[in-house]
Amino acid sequence: MKARCCCGALLEAKALEEESPLSYHLHLGCTACANWVTASGRLEEITQLVERTLWSNEGRHELDRLPPYIELLVREEVESYAAQAGCRVITVAVFHEARNRGRVAWAPAAKDRLANIPPQIRSMAKVEIERMAIEQGLSEVTEALMDEAKAKFLGMRGRP
Ligand SMILES: [Zn+2]
């Protein structure tokens, strides 16, 4: 999908803000004039307007927090992971997914339960659960950990 400016030139994806797992804001700049446009929507919607690999502001922030000598390595690692996975947009979720790759395994039963999580929040849930596993020193996500994660997520959602 391509978006055009009112001047007729193509708009190019320049920056992405992650507001929530269901809401993203993509800033597009005109390639000919000084016009800017913001497209808001779900990740799969705004991804259609992104032609080249684009880091979200929040994803870039994760990268900026690393020491400079690791930053370059991590950037390459994450970008090659994203390219293999076919995602042009590098969000915080993709960043952590790439970083955690190979470090946390999923027990088959836990994997089945992950598949039952609605697609809109699955990648976020996966990252969050893997983070919990790493924090607890586990090398595998078990059903017990998923129960714990579920209680934690529901607790978060239940708070006013
Ligand atoms: Zn224009």
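The values are calculated or read from the model by the stated rules, or taken from the named source; none is laboratory data. What you see is a predicted model; the values in this text were computed from it and never measured. When we count neighbours, we look across all protein chains shown, and the Cβ atoms used for this are built from the backbone with ideal geometry, even at glycine. Surface areas here come from the heavy atoms of the whole protein model, side chains and all, with no ligands, DNA or RNA. Shrake-Rupley method; radii C 1.70, N 1.55, O 1.52, S 1.80 Å.
Could you please give the count of residues in the stretch 1-27 that are outside any strand (DSSP E or B), open to solvent by 80 Å² or more (accessible area, probe 1.4 Å) and closer than 21 Å to P119 by Cα? Total satisfying the criteria: 1. Evaluation of E71 against the conditions (1) assigned to a helix (DSSP H, G or I); (2) within 16 Å of the ligand (Cβ to nearest atom) shows that the sole unmet condition is (2).
In the stretch 28-48, the qualifying residues are those that are among the aliphatic types (A, V, I, L, M), more than 16 Å from the chain's Cα centre (by Cα) and not in a strand (DSSP E or B), and the one that is farthest from the ligand (Cβ to nearest atom) is A34.
Taken together, the residues in the stretch 83-120 that are polar (S, T, N, Q) and open to solvent by 40 Å² or more (accessible area, probe 1.4 Å) amount to 3.
Can you find a residue in the stretch 66-82 that is under 22 Å from L43 (Cβ atoms) and open to solvent by 70 Å² or more (accessible area, probe 1.4 Å)? Checked the stretch 66-82: no residue is under 22 Å from L43 (Cβ atoms) and open to solvent by 70 Å² or more (accessible area, probe 1.4 Å). Consider only pairs whose beta carbons are under 9 Å apart and that are at least six residues apart or on different chains; among these, list those whose first residue lies in the stretch 28-40 and is surrounded by 12 or more Cβ atoms within 10 Å (Cβ to Cβ) and whose second residue is among the polar types (S, T, N, Q) and in a strand (DSSP E or B). Note: pairs meeting the criteria are L28/T38; S40/S23. Residues in the stretch 1-20 that are under 22 Å from R75 (Cα atoms) and away from the ligand (no atom under 16 Å from the Cβ): A15, L16, E17, E18. Scanning the stretch 99-112 for residues that are part of a helix (DSSP H, G or I) and modelled with pLDDT of 85 or more yields P108, A109, A110, K111, D112.
Scanning the stretch 134-150 for residues that are at pLDDT 85 or above and either closer than 28 Å to E44 by Cα or not in a helix (DSSP H, G or I) (or both) returns E140, V141, T142, M146, A149, K150. You will find that of R88, R65, R60, R52, the residue that is farther than 23 Å from C30 by Cα, of a type in the set (K, R) and out of contact with any Phe, Trp or Tyr (no Cβ under 7 Å at 6 or more places or on another chain) is R65 and no other.
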